[in-house]
Amino acid sequence: MRLKLLSRLERLEVQAQATQEATIQIGPLKRLPADFLGDRHVVVARRYPSGTPNWETCEFEERPGPAPSGVQDGASRIYVEEDDLRLL
């Protein structure tokens, strides 16, 4: 009985993970100057409307200092730099 319950719980956990929706954010990244020393973090500077659910086109900026504590939005981010855009 206990083994069946553990097996069922594992299957439910896998299903729960599969149904969690992730947001993907993609866009260009404006970096701090190359000679900047110290901590840096990335913020979303601008969001653009998207007709696709769970997909956002954004502009990102590097900012000086460490990221504020407790800031986690659960999005997967893809940064595109100017060098990458030239290859397209």
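Every number in this text was worked out from the coordinates using simple rules, so none of it is lab data. Just so we're clear, the structure is a prediction, and the values are computed from it rather than from any experiment. Every residue, glycine among them, receives a Cβ derived from its backbone with ideal geometry; neighbour counts consider all protein chains shown.
Here is how the numbers come out for the structure above:
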{"read-out": "FRET efficiency for Ala45 and Leu3, using Cβ-Cβ distance with R0 set to 35 Å, rounded to 0.05", "value": "0.10"}
{"read-out": "Difference of contour (0.36 nm per residue) and Cα-Cα distance, Ser76 to Arg31", "value": "14.3 nm"}
{"read-out": "Lys30 long-range amide H proximity, modeled H, under 5 Å", "value": "Phe60, Glu61, Glu62"}
{"read-out": "Packing-based ranking, highest mean first, of 49-57, 27-35 given that Cβ atoms within 10 Å are counted", "value": "27-35, 49-57"}
{"read-out": "Length added when fully stretched, Arg11-Ile24, from 0.36 nm per residue minus Cα-Cα", "value": "2.1 nm"}
